[in-house]
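The values are calculated or read from the model by the stated rules, or taken from the named source; none is laboratory data. Computed from a prediction, not measured in an experiment: that's the story for all the values here. Cβ atoms come from the backbone with ideal geometry, glycine included; neighbour counts cover every protein chain shown. Heavy atoms of the whole protein, side chains included, go into the accessibility calculation; ligands, DNA and RNA do not. Shrake-Rupley method; radii C 1.70, N 1.55, O 1.52, S 1.80 Å.
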Amino acid sequence: MDSAGSLNAQALHLLGERLRAKAVFQTHQAKFVTWQFDGEYRGDDCTATLTLGNPDLLGGSVIVVAHFLQSVTARLVLGGELVYHRRPGEEGAILTLAGKYSAPNWVTTLNVGYGGAHASYYHRANEQVQVGVELEANTRLQETTFAFGYQLNLPRANVVFRGLLDSNWSVGGVLEKKLPPLPVTLALGAFLNHWRNRFHCGFSVTVG
């Protein structure tokens, strides 16, 4: 609770070895802003969750989100998400199907729904180099975006470099340097968007 009287509270209860429940409450001064109830089940090869957001029986409004993931094989996982919302004068549902395939050195995912599709591919070339690509198509906005990222690890120099390039003409990079024997990590980052003519840079120091 802060000085203005606003409260953020969470309650977690283990109903069993595989089942747990969670409740989240958020208030702003004397008004309830968010009240959410979650239920999760974890099986040997599947996971299911159900979320109720801001249920209001008197007002007839609610948001329901259901997830389900099933391991078909040791490497293939299939599942889906259903989002249902209802309030006075409006009601709708969105279904999204998802799939993930994991290999020893690479992982690919695909999500397909009413609003579009999202695909990603991650590949670990070796202990030092990792690359990934991402493609997202939005049918509502009628646009498609593409991004490419990479990570270079230099263990002997205690350096990690991450780079990004996307279809919006954005280029970025982050350099992290550990300073042993001190528990300090120094990070330098810069991002440039050619299309909007914007440039951002900064640095951070992490202790711990």
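Structure notes:
- Cβ-Cβ distances below 8 Å connect the following pairs, each with a first residue in the stretch 9-33 that is within 17 Å of residue 48 (Cα to Cα) and free of Cβ contacts under 8 Å to residues at least 24 places away in the same chain, a second residue that is open to solvent by 100 Å² or more (accessible area, probe 1.4 Å) and not in a strand (DSSP E or B), and a separation of six or more residues or different chains: 21/15.
- Picking from residues in the stretch 169-180 that are open to solvent by 60 Å² or more (accessible area, probe 1.4 Å) and touching a His at 6+ places or on another chain (Cβ under 9 Å), the one that is farthest from residue 132 (Cα to Cα) is 169.
- Residues located in the stretch 187-208, provided they are within 19 Å of residue 153 (Cβ to Cβ), of a type in the set (A, V, I, L, M, F, W, C) and open to solvent by 60 Å² or more (accessible area, probe 1.4 Å): 188
- If you go through the stretch 50-81 and pick out every residue that is on the phi > 0 side of the Ramachandran plot and either out of contact with any strand residue (DSSP E or B) (no Cβ under 8 Å at 6 or more places or on another chain) or part of a loop (DSSP other than H, G, I, E, B) (or both), you end up with 1.
- A count restricted to the stretch 97-156 and to residues that are in a loop (DSSP other than H, G, I, E, B) and either within 29 Å of residue 46 (Cβ to Cβ) or touching a Lys or Arg at 6+ places or on another chain (Cβ under 7 Å) (or both) stands at 5.
- Within the stretch 133-147, the residues that satisfy the criterion of being open to solvent by 70 Å² or more (accessible area, probe 1.4 Å) and without any contact (Cβ under 8 Å) to a residue 24 or more places away in the chain are 134, 135, 136, 141, 142, 143, 144, 146.
Per-residue answers, yes or no, for (1) aromatic (Phe, Trp, Tyr); (2) more than 28 Å from residue 176 (Cα to Cα); (3) surrounded by 15 or more Cβ atoms within 10 Å (Cβ to Cβ):
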{"residue": "98", "(1), (2), (3)": "no, yes, yes"}
{"residue": "108", "(1), (2), (3)": "no, no, yes"}
{"residue": "117", "(1), (2), (3)": "no, yes, yes"}
{"residue": "154", "(1), (2), (3)": "no, no, no"}
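- Positions within the stretch 44-68 being open to solvent by less than 70 Å² (accessible area, probe 1.4 Å) and closer than 14 Å to residue 79 by Cα, in sequence order: 46, 47, 48, 49, 65, 66
- The residue list 84, 41 contains one member that is part of a strand (DSSP E or B), more than 26 Å from residue 115 (Cα to Cα), of a type in the set (Ser, Thr, Tyr) and without any contact (Cβ under 8 Å) to a residue 24 or more places away in the chain, which is 41.
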